[in-house]
There are 2 protein chains.
Amino acid sequence: MPERLLEAMKYSVLGGGKRVRPLLAYASSELVGISPEMVDGIAASVELVHAYSLIHDDLPAMDDDDLRRGRPTVHRAFDEATAVLAGDALQALAFETLCTDPILAQHPASQMRVIKWLAQTIGATGMVGGQALDLAAENKVIDEAGLQEIHRRKTGQLIRAAIMMPSELASLSAHQREQLDLFANEIGLVFQIRDDLLEIEQDTATLGKNAASDHNKNKSTYPSVLGADEARKRADEIYNRAITALDTFGTSNKGLKWLAELIMTRSH
Amino acid sequence: MPERLLEAMKYSVLGGGKRVRPLLAYASSELVGISPEMVDGIAASVELVHAYSLIHDDLPAMDDDDLRRGRPTVHRAFDEATAVLAGDALQALAFETLCTDPILAQHPASQMRVIKWLAQTIGATGMVGGQALDLAAENKVIDEAGLQEIHRRKTGQLIRAAIMMPSELASLSAHQREQLDLFANEIGLVFQIRDDLLEIEQDTATLGKNAASDHNKNKSTYPSVLGADEARKRADEIYNRAITALDTFGTSNKGLKWLAELIMTRSH
């Protein structure tokens, strides 16, 4: 592997981060009753995709951010070409990881469904489409429905996939799958509303990225569209709806509940 | 799908091109004795990856090209952010295409191996790694071995995958698979040497891209490293080795032989 490319990939993936998506995958494995080892590949793949999306989103032609996780962004620490290529390579690595995972390979039908989840989640109708909508909405006034549409795609779908992909390895009832999907959809939205609120509640040092970034780019956020108090209320409502959906799983829901709380109360 | 993103993806994929990789996949299906419909997904996926790689390679931070297939490059016709995202989405779509192809799905074990081929071909050890090496070699003197290493990765591996992926759906003897792989490796190299020669033999109008592009960026090419005559001789030698490897397949090799000749004699 070319040295500089490898360094940039490592810098991005191994340079901290909260690992929310892998944690959600592991907590989901607990919920659906499979061993954590079974979702190692899934956990790694969603984090690799997340890392790639951050690198590309930070590019000068996109959000043009200099700071990420308290360090220079990849195109600042390396160069723009390396940043584009590192993101491209991480996307391929996410798929390769799912294709070569030895435990997943023991369950070929599930493995195939998991790979399909990822492919359908991160493309033009999902994550990349969300980023395109986000860029198109800069300097425009959008309403809550428009904002929700952007975030369901840009952030929500990958979070949903992290939670739902493990369920492809288990047998859930239709009702359980529906409830888990409800949780998965709603918690992604909570995550984003809290993210928007943190930008106005915290400073750059705590966040590890520029606190006024969205504001400076004239991006609509939940606090800017609804007001901060209403945005907090909205997060509470959706959070409660998400948590309630986990009731059907009994005590195996502990991990996901703990993570949901963390998402609600995090300071960065 | 966001309108502008979709337009950029279509502009890139449906805007001409020689379709060499899909043609190779179909000719390979003929060679290995399976119906062409069986490789529709493979043919589409390699072309989608090719289109994505051209969009990203043309970006200002990379090769900074304004012209491709006789039209403005994607970042010129749209904008840089859209170009980055269109490439990202096309990579995901390539995998999605293989995951959702109904005929491939009838052969799940082969389908899985094909997806793995693609993932291992286009990442940091393959196509993206080749582009990284290519950028690192600008303004440097490299020898023929170095040049070959770049091109085997940057161009050769995807061409190889287009030819070898169909073989995952057929039963070949070990000897046949070895010979087909020899052809697949060598014809990719011939393709690149001819590509380098065309830049000095043809004008911009015929090529549909800037004829002096590599020269202007101080990139090493086969003619610049070996001299034009020696480069032509090298292409001939490798071409003959490639063609000979197809002897073991009898008359089912007609399509691939025709394409190999096309690669040798093409004017753009």
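The values are calculated or read from the model by the stated rules, or taken from the named source; none is laboratory data. Note that this is a predicted model, so its numbers are computed, not measured. Neighbour counts run over all protein chains shown; Cβ positions are idealised from the backbone, glycine included.
Does the range A:216-253 hold any residues that are modelled with pLDDT of 95 or more and not in a helix (DSSP H, G or I), and which are they?
Correct list: A:LEU246 only.
Touching a His at 6+ places or on another chain (Cβ under 7 Å), crowded, with 17+ Cβ neighbours inside 10 Å and under 30 Å from A:ILE34 (Cβ atoms): is that true of A:GLN192 in this structure?
So A:GLN192 passes the test.
Among the residues of the range B:79-102, count how many are more than 9 Å from chain A (Cβ to nearest Cβ) and either of a type in the set (Asp, Glu) or in contact with a Leu (Cβ under 9 Å, 6 or more places away or on another chain) (or both).
Counting residues in the range B:79-102 that are more than 9 Å from chain A (Cβ to nearest Cβ) and either of a type in the set (Asp, Glu) or in contact with a Leu (Cβ under 9 Å, 6 or more places away or on another chain) (or both) gives 1.
With the requirement that a residue be at pLDDT below 95 and not in a helix (DSSP H, G or I), what does the range B:103-153 give you?
B:ALA137, B:GLU138, B:ASN139, B:LYS140, B:VAL141, B:ILE142, B:ASP143
Is it the case, given these coordinates, that A:LEU135 is within 8 Å of another protein chain (Cβ to nearest Cβ) and out of contact with any Cys (no Cβ under 8 Å at 6 or more places or on another chain)?
Judged against the criteria, A:LEU135 is a match.
Answer yes or no: is there a residue in the range A:148-165 that is surrounded by fewer than 17 Cβ atoms within 10 Å (Cβ to Cβ) and more than 11 Å from chain B (Cβ to nearest Cβ).
Checked against the condition, which is being surrounded by fewer than 17 Cβ atoms within 10 Å (Cβ to Cβ) and more than 11 Å from chain B (Cβ to nearest Cβ), the range A:148-165 yields no hits at all.
Return the pair list, or none, for Cβ contacts closer than 8 Å from residues in the range A:1-18 that are farther than 14 Å from B:GLY123 by Cβ and within 9 Å of chain B (Cβ to nearest Cβ) to residues that are surrounded by 15 or more Cβ atoms within 10 Å (Cβ to Cβ) and of a type outside the set (Asp, Glu), at least 6 apart or on different chains.
A:ARG4/A:PHE78; A:ARG4/A:THR82; A:ARG4/B:ALA132; A:ARG4/B:ALA136
Just checking, which of A:ALA92, A:ALA145, A:ALA119, A:ALA132 is small (Gly, Ala, Ser) and surrounded by fewer than 23 Cβ atoms within 10 Å (Cβ to Cβ)?
A:ALA145
List the residue pairs whose Cβ atoms are under 9 Å apart, where the first residue sits in the range B:122-150 and is without any contact (Cβ under 8 Å) to a residue 24 or more places away in the chain, the second is in a loop (DSSP other than H, G, I, E, B) and among the hydroxyl-bearing types (Ser, Thr, Tyr), and the two are 6 or more positions apart or on different chains.
Final answer for the pair search is B:ILE150/B:SER220.
Does A:LEU54 satisfy the condition of being within 14 Å of another protein chain (Cβ to nearest Cβ), touching a strand residue (DSSP E or B) at 6+ places or on another chain (Cβ under 8 Å) and not in a loop (DSSP other than H, G, I, E, B)?
When the stated conditions are applied, A:LEU54 passes them.
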